[in-house]
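Visitor: Following this message is one structure expressed as structure tokens.
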Amino acid sequence: FYEIVKAYCDYNFDGPFRPDHGRMIWGETGRPGYGLYDRALGAVYINGIKEAINKSK
């Protein structure tokens, strides 16, 4: 996944990144695969990878 995000950063992609699915965590109810909390954690994870890549340049 790191290599995928790095490729986007290498090409200066400035569009949206969004996790496509997540787990149901912390007692959340809803449609399986679309948990709000885990998708939010996924978005933060993506931002962390982007930040690490940009700081390593």
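The values are calculated or read from the model by the stated rules, or taken from the named source; none is laboratory data. Keep in mind it's a predicted model, so treat the numbers as computed, not measured. Note that each Cβ is placed from the backbone with ideal geometry, even for glycine, and that neighbours are counted across all protein chains shown.
Visitor: What tally of residues in segment 4-28 results from selecting those that are touching a residue at least 24 places away in the same chain (Cβ under 8 Å) and among the charged types (D, E, K, R)?
Guide: Counting residues in segment 4-28 that are touching a residue at least 24 places away in the same chain (Cβ under 8 Å) and among the charged types (D, E, K, R) gives 2.
Visitor: Taking the options ARG31, ARG39, name whichever one is modelled with pLDDT under 90 and either part of a helix (DSSP H, G or I) or surrounded by 13 or more Cβ atoms within 10 Å (Cβ to Cβ) (or both).
Guide: One residue alone meets the criteria, ARG39.
Visitor: Identify, by number, the condition in (1) at pLDDT below 90; (2) surrounded by 15 or more Cβ atoms within 10 Å (Cβ to Cβ) that ILE46 doesn't meet.
Guide: So ILE46 meets the others, but not (1).
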